[in-house]
Amino acid sequence: MIRKKKTYIIGEELLKRDFVTLEQLDHALDVQKDTNEFLGEILIRFGYISEAKLLDVLADQFELPLVDPAKLSVPKNLIERVPSKISRYYHAFPIKWEHNKLLLAMNAPPEFNELQELSAILGSEIQVVLAERSKIDEAIQKHYGIGASIVDQLSRPSAAAELSPHETHVEEMEAAIGEASIRELVNQLLVDAQKKRASDIHMEPFPNRLRVRYRIDGILEETSVPEKLKRFHPNIISRIKIMANLDLSEHRLPQDGRIKIRIQNEELDLRISLLPTPYGESLVIRLLSPTHLLQLDRIGLSENHLKELRTVLKKPSGIVLLTGPTGSGKTTTLYACLSELNSVGRKIITVEDPIEYQLEGMIQMQVQPKINLTFARGLRHMLRHDPNVMMVGEIRDLETAEIAVRSSMTGHLVFSTLHTNDAPSAVARLIDLGIPPYLLSSSLECVIAQRLVRLICEKCKVKQNKEFMGAGCEACNGTGFFGRSAVHEFLLLDPELKALLAKRVPTSELREAAIKKGMLALRDDGLAKVNAGITTESEVLRVT
């Protein structure tokens with residue numbers, strides 16, 4: 001069969017370099033007849049070639065340099081020469097001003113008409129360099145901020161009527177500033193946070209600016225936003241309140257709510273918290289995804305600890321406690337334990353504040369202090385439903401502790417959390433609450449203290465001075481860390497340790513006895529992970 005000869009132009013060079021096959025190129029050319037798209041865009045869309053390889057060919061053919069605009073430092077006055085809307089529409093980012101010419105980074109050589117349009121809009125002669133589209137988008141967001149083009153649109157005199165939602169009806173406010181634009185602005189913020197693996201979004205108003213920060217791998221990082229965003233802070237808060245069914249007219253009291261959304265085929269449960277400040281309401285959005293729930297063998301337990309915990313989970317009764325500060329991953333470990341136990345043959349009931357994840361097959365109760373549904377009251381009523389496994393979000397008082405202990409002694413496996421610094425201190429805390437040591441020794445099975453450490457990014461991991469660390473790359477946003485794992489202190493109470501507990505020995509003595517039996521302190525477990533090359537010593541010291 002004789003294939004009809006085609007004029008390939010760029011395609012000939014792609015074939016010459018073995019970047020594409022003849023069949024792939026023919027398919028792209030057939031598509032181009034219908035869509036009139038740039039050939040390279042079609043090849044990238046079908047996955048026939050990477051953008052980096054295409055740009056190599058274009059740079060050679062058009063004799064244009066390749067740059068990474070995301071890594072360049074660009075003066076503010078140059079950024080102001082190119083409106084954010086123009087930058088995003090043309091995917092053109094200003095790099096330099098020299099010899100009365102504006103140097104723009106674009107992801108493809110522009111057509112003559114497009115170049116003329118840009119020159120007329122920007123009022124200067126244009127010179128083009130090439131860059132990957134993702135790098136241009138990153139630079140635009142870095143220098144213009146999230147939603148810059150929307151903020152520019154809202155800031156136009158016709159749109160920026162100085163209305164405050166504190167003083168007007170919602171309908172008037174939305175008509176004045178454009179409901180669709182505010183909605184899009186909030187959506188951009190959520191999509192960007194999810195893309196960067198943020199667990200929380202913090203929006204904090206100050207006298208002269210609005211600060212937006214993401215918590216990524218446990219560390220807060222400020223993200224770039226337009227300076228003018230401060231003007232629309234009340235409107236953003238109102239939009240969030242509408243989404244979470246909160247009281248729009250209330251600005252003096254804290255409010256909490258939740259929103260369920262879908263971003264890029266991933267369902268997210270957003271926890272909303274608002275606090276009043278002198279400069280407006282401070283907002284925190286926590287992003288929770290059921291798909292992020294981990295199995296027991298993926299939370300950082302050593303093989304020995306995992307085996308011991310699974311032995312405890314097989315017991316019909318007893319108390320299992322998780323300890324550590326807020327944000328140490330206690331809830332994730334609890335859910336991992338409950339997921340392992342979740343089966344048709346077991347009745348599992350929880351009482352939580354709040355319910356972090358809704359799990360199929362379990363009965364979950366939300367604490368409601370306003371109607372006196374406390375942890376203790378929830379536990380008491382829980383017993384009437386004949387559960388095998390019970391989970392109480394936190395032991396805060398003597399009443400809750402007593403019911404938990406009594407439940408464990410009457411044939412129930414009970415899970416809960418405490419806020420103590422290490423595992424042995426949990427014993428002292430329960431005794432301080434008023435639980436007799438002899439009762440505790442007969443019910444407590446194990447205590448797990450936990451902290452979260454950041455993991456070294458595998459894509460930029462290097463070895464320096466006999467230690468591994470992350471050099472910083474695009475995948476980890478230059479931090480050198482990607483993801484987190486837990487370090488543990490695993491106190492398994494055998495008969496000998498239970499005898500010491502019953503004697504009410506000091507915490508230090510209980511700790512020494514546990515270490516002699518093989519318990520690793522938090523720091524030692526962390527250092528074992530350092531030796532394994534998955535985290536750094538500074539990370540372990542930071543959390544322990």
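The values are calculated or read from the model by the stated rules, or taken from the named source; none is laboratory data. Note that the structure is a prediction, hence the values are computed from the model and not measured. Glycine also receives a Cβ, built like all others from the backbone with ideal geometry; neighbour counts cover every protein chain displayed. Heavy atoms of the whole protein, side chains included, go into the accessibility calculation; ligands, DNA and RNA do not. Shrake-Rupley method; radii C 1.70, N 1.55, O 1.52, S 1.80 Å.
How much accessible area per residue does the range 470-544 have, counting only protein heavy atoms and a probe of 1.4 Å, in square angstrom? Write down the numbers at each step before the final one.
On the way: 3680 Å² over 75 residues.
In whole numbers, the range 470-544 has 49 Å² accessible per residue.
What angle do you read, to the nearest 10 degrees and between 0 and 90, between the alpha-carbon axis of helix 507-516 and the longest principal axis of the chain?
Result, in degrees: 80.
Which links in K330/K370; K76/K96; K196/K228; K195/K463; K16/K459 stretch past 21 Å when you go from one Cα to the other?
K330/K370; K196/K228; K195/K463; K16/K459
At a 10 angstrom cut-off on C-beta neighbours, averaged per residue, how do the peptides 104-112, 451-459, 367-375, 265-273 rank from highest to lowest?
451-459, 104-112, 265-273, 367-375
Can you classify the range 18-128 as rounded, prolate or oblate using the Cα gyration tensor, where a ≥ b ≥ c are the square roots of its eigenvalues, rounded means a/c under 1.5, and otherwise it's prolate if a/b beats b/c and oblate if not? Numbers along the way, then the final one.
Working: a/c = 2.46, a/b = 1.91, b/c = 1.29.
Verdict is prolate for the range 18-128.
Using the Karplus curve 6.51 cos²θ - 1.76 cosθ + 1.60 with θ = phi - 60°, work out ³J(HN,Hα) for each residue of the range 209-214 in order, rounded to whole Hz, and write x for Gly and Pro.
7, 10, 9, 10, 10, 10
From the residues A401, L430, V447, which one has its Cα farthest along the dipole of the range 329-462 in the positive direction, the dipole being from +1 and -1 charges on Cβ of Lys/Arg and Asp/Glu about the Cα centre?
V447
Kindly write out, for the range 265-276 in residue order, the coupling ³J(HN,Hα) from the Karplus curve 6.51 cos²θ - 1.76 cosθ + 1.60 (θ = phi - 60°), rounded to whole Hz, with x marking Gly and Pro.
Residue by residue, the range 265-276 yields 6, 10, 7, 10, 9, 9, 9, 9, 9, 10, 10, x Hz.
Taking amide H atoms as placed 1.01 Å from N in the peptide plane, list the residues 5 or more away in sequence, or in a different chain, whose amide H sits under 5 Å from that of K96.
L103
K503: which lysines have alpha carbons under 25 Å from its alpha carbon, excluding same-chain residues fewer than 8 sequence positions away?
K315, K516, K517
Short version: ³J(HN,Hα) in whole Hz for each residue of the range 84-96, in order, from phi by Karplus 6.51 cos²θ - 1.76 cosθ + 1.60 (θ = phi - 60°), x for Gly and Pro, what are they?
For the range 84-96, the Karplus-derived couplings read 4, 4, 5, 4, 6, 5, 8, 6, 10, 10, x, 10, 7 Hz, x marking Gly and Pro.
Per 20 Å bin, what is the whole-percent P(r) computed from every C-alpha pair distance within the chain?
17, 40, 31, 11, 1
The range 298-441: percent of C-alpha pairs farther apart than 24 Å?
Working: 2722 of 10296 pairs.
Roughly 26 percent, rounded to a whole number.
Using the charge dipole of the range 366-422 (Lys, Arg: +1 at Cβ; Asp, Glu: -1 at Cβ; taken about the Cα centre), state which of V389, L413, Q368 has its Cα farthest towards the positive end.
Checked the options; the winner is Q368.
Considering the chain, which cysteines have no disulfide-compatible partner, defined as another cysteine with its Cβ under 4.7 Å away?
C337, C446 - these cysteines have no disulfide-compatible partner (Cβ-Cβ under 4.7 Å) in the chain.
Would you compute, from DSSP H runs of 4+ residues alone, the mean residue ellipticity of the chain at 222 nm, taking -39500 (n - 2.57) per run and dividing by the full residue count, rounded to the nearest 500?
-11500 deg cm²/dmol
Any chance you could give the angle, 0 to 90 degrees and rounded to 10, that helix 522-531 forms with the longest Cα principal axis of the chain?
That helix lies at roughly 40 degrees to the long axis.
In whole percent, and with a 1.4 Å probe on the protein chains, what portion of the accessible area of the range 348-405 is carbon and sulfur?
After summing per-atom areas, the C and S share lands at 47 percent.
Want the number for M409 to D60: 0.36 nm per residue separation, take away the alpha-carbon distance, what's left?
On the way: separation 349, 0.36 × 349 = 125.64 nm, distance 7.68 nm.
That pair, M409 and D60, stretches by 118.0 nm at full extension.
Residue separation times 0.36 nm, minus the C-alpha to C-alpha distance between D18 and E111: what's the value?
That works out to 30.8 nm of additional length.
With +1 on each Lys and Arg Cβ and -1 on each Asp and Glu Cβ, and nothing else charged, work out how big the dipole of the range 221-334 is about its Cα centre, in Debye to the nearest 20.
My answer is approximately 220 debye.
Counting heavy atoms of the protein chains only and a 1.4 Å probe, report the per residue accessible area for the range 376-438 as a whole number of Å².
With the other protein chains kept in place, the range 376-438 gives 41 Å² per residue.
Could you provide, to the nearest whole Å², the per residue accessible area of the range 1-127 with probe 1.4 Å?
In whole numbers, the range 1-127 has 63 Å² accessible per residue.
What ranking, highest mean first, results for peptides 14-20, 324-330 when packing means the other Cβ atoms within 10 Å averaged over each residue?
The densest-packed peptide leads the list: 324-330, 14-20.
For the pair E184 and S273, how long in nm is the line joining their label points, each one 7 Å along Cα→Cβ?
3.3 nm
Please compute the net charge surrounding D422, taking Lys and Arg as +1 and Asp and Glu as -1 over other residues with Cβ under 11 Å from its Cβ.
Its environment carries a net charge of +3.
How many percent of the accessible area of the range 29-157 is carbon or sulfur, using a 1.4 Å probe?
Heavy-atom surface of the range 29-157 belonging to carbon and sulfur, 1.4 Å probe: 48 percent.
Could you list which residues have their amide H under 5 Å from that of K347, counting only those 5 or more apart in sequence or on another chain, with H placed in the peptide plane?
Result for K347 returns N388, V389.
Give the separation of the Cα centroids, the range 514-528 to the range 359-424, in Å.
29 Å
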